[in-house]
Amino acid sequence: MKARNTTEWKKISSTRGVRYYEHATRKYKGNPDKYYSVRWYRQGNTLEEGIGWTSEGWKVAEIADLRHKLQQNYKSGEDPNTFA
């Protein structure tokens with residue numbers, strides 16, 4: 001029997017396309033460290049890229065701004081258009 005993935009992703013209600021999960025044991029400033037990822041749709045496909053941890057300095061507003069910029073780059077044919 002295959003083990004279930006117990007990672008519970010949480011959406012950020014004020015920010016479209018950004019979500020996170022809290023690590024079970026990893027702490028940052030006394031709270032569970034959060035790992036962020038972004039999701040969007042291109043040509044009918046859902047794409048998702050992992051971004052990083054709160055402890056690495058990532059902030060929700062910064063991630064949302066970068067996601068928006070990358071979407072605009074994709075629409076205009078400019079690079080970069082992914083976080084990778």
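Taking the charge dipole of the chain about its Cα centre, with +1 at Lys and Arg Cβ atoms and -1 at Asp and Glu Cβ atoms, the residue from 70, 60, 13 reaching farthest to the positive side is 13.
Neighbours of residue 20 by Cβ distance under 11 Å: Lys/Arg scored +1, Asp/Glu scored -1, total +1.
Helix content alone sets the calculated 222 nm mean residue ellipticity of the chain: runs of n ≥ 4 DSSP H residues at -39500 (n - 2.57) each, divided across all residues, give -7000 deg cm²/dmol.
Using only Cα atoms and rounding to the nearest 10 degrees, what angle (0 to 90) does helix 60-76 make with the longest principal axis of the chain? It works out to around 30 degrees.
For residue 9, the accessible surface of its heavy atoms amounts to roughly 80 Å² (probe 1.4 Å, protein chains only, rounded to the nearest 10).
Near residue 34, once Lys and Arg are set to +1 and Asp and Glu to -1 for all other residues with Cβ below 14 Å from its Cβ, the sum equals +2.
Positive contributions from Lys and Arg (+1) and negative ones from Asp and Glu (-1), summed over other residues with Cβ under 11 Å from the Cβ of residue 49, come out at +1. When the inverse distances between all different Cα atoms of the stretch 38-84 are averaged and flipped, the Kirkwood radius reads 11.4 angstrom.
The values are calculated or read from the model by the stated rules, or taken from the named source; none is laboratory data. All figures in this text were calculated on a predicted structure; none of them were measured in a lab. Note that we place each Cβ from the backbone using ideal geometry, even for glycine, and neighbour counts take in every protein chain shown. Keep in mind that these areas ignore ligands, DNA and RNA; they rest on the heavy atoms of the full protein, side chains included. Shrake-Rupley method; radii C 1.70, N 1.55, O 1.52, S 1.80 Å.
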